[in-house]
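What follows is one structure encoded as structure tokens, with my remarks underneath.
The values are calculated or read from the model by the stated rules, or taken from the named source; none is laboratory data. Just so it is clear, the model here is predicted, and its values are computed rather than measured. No Cβ is skipped: glycine too gets one built from the backbone with ideal geometry, and neighbour counts run over all protein chains shown. Only protein heavy atoms, including side chains, enter the accessible area calculation; ligands, DNA and RNA are left aside. Shrake-Rupley method; radii C 1.70, N 1.55, O 1.52, S 1.80 Å.
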Amino acid sequence: MTEKEKNDVKEMVETAKYLADNDPQGLFLAKSNMDILKARCDLDNVSRESNETG
């Protein structure tokens, strides 16, 4: 992970903390979007692995 990526993650964590304190519904939306993006990456990885194996 690059230094820029580490800083981006740190910024995202700080934003999540701020949302948790000030806008719980906003935090819920942000988490839902992150879950969707993670699922998309997981599907891409499974597809890529199945294409590599044959």
Around LYS38 (Cβ within 11 Å, Cβ-to-Cβ, excluding LYS38; K/R +1, D/E -1) the net charge comes to -1
Each residue of segment 38-44 in order: what ³J(HN,Hα) in whole Hz does its phi give by Karplus 6.51 cos²θ - 1.76 cosθ + 1.60, θ = phi - 60°, with x for Gly and Pro? 5, 4, 4, 5, 4, 5, 4
Kindly write out, for segment 25-31 in residue order, the coupling ³J(HN,Hα) from the Karplus curve 6.51 cos²θ - 1.76 cosθ + 1.60 (θ = phi - 60°), rounded to whole Hz, with x marking Gly and Pro. 5, x, 4, 4, 5, 4, 5
Considering the chain as a Gaussian network with a 10 Å cut-off on Cα pairs, which listed residue, ASP35, ASP23, ASP44, attains the greatest mean-square fluctuation? ASP44
If I fit a long axis through the Cα atoms of helix 3-22 and take the longest principal axis of the Cα atoms of the chain, what angle between them do I get, 0 to 90°, rounded to 10? 50 degrees
Solvent-accessible heavy-atom area per residue, rounded to whole Å², over the chain at 1.4 Å: 93 Å²
If you work out Rg/Rh (Cα atoms, Kirkwood Rh) from the coordinates, which of (i) 1.17; (ii) 1.03; (iii) 0.93 do you get? (i)
